[in-house]
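Okay, so here's the structure we're looking at.
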Amino acid sequence: MAHNTIKSSYATLTERLNRFPQGAPPSDLLFAILRQLFSEKEAGMVSLLPIKPFVATRAALAWRTTPAEAKKTLDELASRALLIDTERDGETTYCLPPPMAGFFEFSMMRVRSDLDQKALAEMFYQYMNVEEDFIKALFTKGETQLGRVFVQEPMLPGQSSRQGEASIKAPGMARFTSLEPAPGDRDLLVLDYERASEVIKTASHIGVGMCYCRHKMMHLGRACDAPMDICMTFNGSAESLTRHGHARAIDVAECMTLLDAAYEHGLVQFGENVQRRVNFICNCCGCCCEALIAQRRFGILHPVHTTNWMPHASEEQCTGCGKCVEACPVEAMALVSAEGPKRPARRKAKVLEDACLGCGVCVRACPTGALSLKSRPERVFTPVDSTHRAVIMAIERGKLQNLIFDNNALASHRAMAAILGAILRLPPVKQLMASEQMKSKYLLKLLSIAKA
């Protein structure tokens, strides 16, 4: 009976997690992971919390307790990185982060004595790499995904000399940098949100912690030798994680040094798929990182949003050495025959475009300069902010009603306005999907007014 009671409590928490667009498929392994992180009582209490950010008085209503008691419990959960707490207008606002990138990763961002991290690492590996349902749900459902790749900025055309660089901001437009193109190249445009360096320079808070993926693999005896303390968090997430000691607060200069180290080690910058107030950038290796593993296994389903760049190989300069093939973390480079009458065994590099992330790691690895980055024919769509992304993901996954009718959204005009505002910014096809899901006369009226 006790087992059934515990499982029921964690099953309820799982149902709560799956109301958000980015959930966690239920399984015995998931219940075991949650049991490591939450007590039975905590699991039941957290399952009652709203999807959107909330304050202690809202939790007190759900828990039928006083605001003071609710705040005490919320602060305890935040101290263990199970909730994110931030100050807003002089009041603490709380939010239950998704499992990834969220409290799964936070549990491994530093060495902790209050958790059996080896047991957690083994369960994480089984849940994500063996059962696969979680990774498929996280990375292959819908068109809009959690994360995107940042290009290695030093590999951009004209970036080594930085001549001709001009930062421009037009009214109502995102800032961008125009790079002086190489001879024969068309004009190149780099939006600021495409730059990891810009995320770093504009963040309100910066934190660095252990790489969840390599820390997990270390407990399994499979970690590579890439730097461990190099996972970056920003803005509200960094403010909360550094305050509670789960990440170390650093300044812009140190973070830029870490970014350069990540470039040198051939790591891919995988960050939150938003333009504004990015909350994380992981520096990923192909052997340990869940996102890059998913890209190799499910690349045809586009589990990771690429950059707006693609490497191009010069047949004249390529010697077929294979350095780019070795460096690519997602197996998007290959050597193919380039035989001719004078060189029958000659090989050359070929970009497998459907698998390529556009990260630029291969360009750095090329010893002859045969690889260069070119703009993709069409720009990759990036949601404006986390609300915009959540709405699109919810529409694509059939969960929009959970955002609209979340208890906190109904109680907060600001939250409802943010959700509806994000819907009104969507293209017509996704607006139609939203209206079909909601069957709401109110929503249809809003859409019709917006089109008028």
Can you tell me which residue within region 280-324, out of those that are touching a Phe, Trp or Tyr at 6+ places or on another chain (Cβ under 6 Å) and over 30 Å from GLY369 (Cβ atoms), is modelled with the highest pLDDT? ALA294
Condition check: at pLDDT 95 or above and either surrounded by fewer than 16 Cβ atoms within 10 Å (Cβ to Cβ) or more than 22 Å from the chain's Cα centre (by Cα) (or both). Does SER167 satisfy that? no
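Results for (1) surrounded by fewer than 22 Cβ atoms within 10 Å (Cβ to Cβ); (2) in contact with an Asp or Glu (Cβ under 8 Å, 6 or more places away or on another chain), shown as yes or no for each residue.
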| position | (1), (2) |
| --- | --- |
| GLU40 | yes, no |
| SER47 | yes, yes |
| PHE54 | no, no |
| GLU76 | yes, no |
| PHE104 | no, no |
Can you name every residue in region 106-122 that is closer than 17 Å to ALA238 by Cα and either buried (at least 21 other Cβ atoms within 10 Å of the Cβ) or of a type in the set (Gly, Ala, Ser) (or both)? PHE106, SER107, MET108, MET109
Residue set ARG80, ARG64; condition within 23 Å of ALA11 (Cβ to Cβ) and in contact with a Phe, Trp or Tyr (Cβ under 9 Å, 6 or more places away or on another chain); output residue ARG80
Mind listing whichever residues of region 85-94 are at pLDDT below 95 and either buried (at least 22 other Cβ atoms within 10 Å of the Cβ) or among the charged types (D, E, K, R) (or both)? GLU87, ARG88, ASP89, GLU91
Among strands (runs of 3 or more DSSP E) completely within region 248-338, the ones holding 1 or more residues that are touching an Asp or Glu at 6+ places or on another chain (Cβ under 8 Å) and buried (at least 17 other Cβ atoms within 10 Å of the Cβ) are 280-284, 309-313
Residue that is surrounded by the fewest Cβ atoms within 10 Å (Cβ to Cβ) [pool: residues in region 355-381 that are in contact with a Gly (Cβ under 8 Å, 6 or more places away or on another chain) and under 11 Å from PRO329 (Cα atoms)]: ALA355
Flag if VAL361 is outside the structural domain of ARG195 (by TED's automatic domain parsing), closer than 24 Å to GLU153 by Cα, β-branched (Val, Ile, Thr) and touching a Cys at 6+ places or on another chain (Cβ under 9 Å): yes
Note on GLU42: of the conditions (1) part of a helix (DSSP H, G or I); (2) closer than 30 Å to ILE392 by Cα; (3) of a type in the set (Asp, Glu), unmet is (2)
Test LEU30 against the criterion of being part of a helix (DSSP H, G or I), on the phi < 0 side of the Ramachandran plot and outside the structural domain of GLY398 (by TED's automatic domain parsing), and give yes or no. yes
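The values are calculated or read from the model by the stated rules, or taken from the named source; none is laboratory data. As the structure is a computational prediction, the values presented were derived from the model and not from experiment. Positions of Cβ are generated from backbone atoms using ideal geometry, with glycine treated the same way; all protein chains shown enter the neighbour counts.
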